[in-house]
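One structure below.
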Amino acid sequence: MTQPPQFEVNTDVELLGPNWEDLTALHEHRYGLAIAYVKEAIKGTSYSNAVMNLVVGPSGFYAQSKNFPAAFYGDLGELELRWLSLEEAQALAFEAVALYRAGEAQSLTALYSEAPADVFFGYRASEGERFELGHIRPALPLHLRVMVDAPEASELLGDRKGALIYQRTESGAHLMLRAPGRRQPFALLDGFEE
């Protein structure tokens with residue numbers, strides 16, 4: 001069986017000041033086919049919890065918010081999966097926030113509880129410009145994703161670019177996923193044309 005091409009689907013940019021009335025239709029037009037492809041390509045184990053679906057398989061992984069399904073991140077390709085102690089998970093969350101605050105991460109997503117408003121989403125749109133929703137809390141989230149884009153390799157990621165995901169499972173275990181940075185293989189922002 002051949003492996004699917006290595007690429008990522010990241011809908012973060014869609015969440016920046018959208019027209020909420022048109023979001024569903026536009027989101028399906030721009031990302032629907034790519035999301036369906038990633039989900040079909042990844043046959044694996046679910047590590048989902050109350051706020052985030054997380055599925056990991058031999059071909060990659062995807063994470064999709066249960067409260068806001070338009071928030072989707074999928075990556076087809078190599079990854080590292082590791083179980084952490086509570087102390088390691090707390091240190092990872094602290095380091096991810098520090099990277100974002102230092103400008104060495106393009107985005108940071110943290111979901112702290114099942115309450116839909118108990119989130120932080122930060123995104124650096126361009127040099128010096130950023131969009132933030134919610135508040136960073138000094139608590140270990142249920143789910144955290146940081147998209148690293150640093151001038152030098154980060155100890156947290158082991159590379160200059162890539163995704164790092166922390167997920168607290170339903171059983172309370174602490175899971176970390178790391179994946180190197182990839183680019184979307186086609187211009188999703190304008191959708192698919194016939």
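The values are calculated or read from the model by the stated rules, or taken from the named source; none is laboratory data. These numbers were taken from a predicted model, which means no experiment stands behind them. Glycine gets a Cβ as well: all are built from the backbone with ideal geometry, and neighbour counts include every protein chain shown. For the accessible areas, the whole protein counts, side chains as well, though only heavy atoms, and no ligand, DNA or RNA atoms are used. Shrake-Rupley method; radii C 1.70, N 1.55, O 1.52, S 1.80 Å.
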Given 55-64, 132-141, the highest-first ranking by average Cβ count within 10 Å works out to 55-64, 132-141
Candidate cut points under trypsin sites (Lys or Arg not before Pro) in segment 64-150, DSSP loop plus at most 10 other Cβ atoms within 10 Å of their own Cβ, are none
The answer for segment 81-180, accessible area per residue at 1.4 Å probe in Å², is 50 Å²
Can you list the lysines whose alpha carbon is less than 21 Å from that of residue 66, not counting same-chain residues fewer than 8 positions off? 39, 43
